[in-house]
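Just so you know, all these numbers are worked out from the coordinates, no wet-lab data involved. No experiment lies behind these values; they were computed from the predicted model shown. Don't worry about glycine lacking a Cβ; one is built from the backbone with ideal geometry, like all the others, and counts go over all protein chains shown.
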Amino acid sequence: GQSLEQPSEVTAVEGAIVQINCTYQTSGFYGLSWYQQHDGGAPTFLSYNALDGLEETGRFSSFLSRSDSYGYLLLQELQMKDSASYFCASPGGQNFVFGPGTRLSVLP
Amino acid sequence: DTGVSQNPRHKITKRGQNVTFRCDPISEHNRLYWYRQTLGQGPEFLTYFQNEAQLEKSRLLSDRFSAERPKGSFSTLEIQRTEQGDSAMYLCASSLIRGSTGELFFGEGSRLTVL
């Protein structure tokens, strides 16, 4: 089976940098994905790490360490519109398992 | 629009009634997933299709739930004898097999309220 853990809430101010961590336990591992979901909206894909290291996409970066079963999403130059829930997810085997989500609140 | 489409967007029903949701995935996508999401929680995996074959079904899914994907195109999720605990957002997502980037494309969801 698979399980992923994330902090439930994170708060930061506009312009700051925030890191959202994810630890996982899986019987088969095929990488780690990150999704953003605004209230009332659908989850949207942000990034995917198949291998160890850092992937950068604009203001967002994602990191994976397979040896530590750990990854994180880094959001830089926070904007108010980044207030949302963020989910790590593992496309393991046949299914695709999501973490419980981290609610990010960006304050002015 | 070539995104994932779900219908209906909202459904209110009385306990004990049957409901059916439809998902039209992105046309070239082989894989189709159904998830359930309640407020403040992550999407909970329900079932998964590759083309028309249902390859995995969550152990959490009772036998009141059934899903089909005839001809490997659209999919339906039926809930029989609904219970108040079935109230949730039902999300459909699709993806390609080849060249997987770990990306699922989600529809806007079907919100079920069981009274």
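The stretch between residue B:5 and residue B:73 holds 23.3 nm of extra length on full extension. This uses 0.36 nm per residue minus the Cα-Cα distance.
Counts of other chain beta carbons within 10 angstrom of each beta carbon in peptide A:96-107 average 3. Each of A:13, A:33, A:107 was scored by the projection of its Cα onto the charge dipole of chain A, and the greatest displacement toward the positive side belongs to A:33; charges sit on the C-beta of Lys, Arg, Asp and Glu.
Result for chain B in a Gaussian network model with C-alpha springs under 10 Å: among B:102, B:85, B:72, the largest mean-square fluctuation is at B:102. Across peptide B:7-17, the average count of Cβ atoms from other chains found within 10 Å of a residue's Cβ is 0.
Inter-part distance, segment B:52-96 to segment A:48-91, computed on C-alpha centroids, equals 29 Å.
Its Kirkwood hydrodynamic radius, worked out from the mean inverse distance over all distinct Cα pairs, puts segment A:54-108 at 12.8 Å. Equivalent ellipsoid of the protein assembly as shown: semi-axes from √(5λ) of the C-alpha gyration tensor, largest first, are 30, 20, 16 Å. Kirkwood Rh, Cα Rg: Rg to Rh for chain A? Reported Rg/Rh (Cα atoms, Kirkwood Rh): 0.96.
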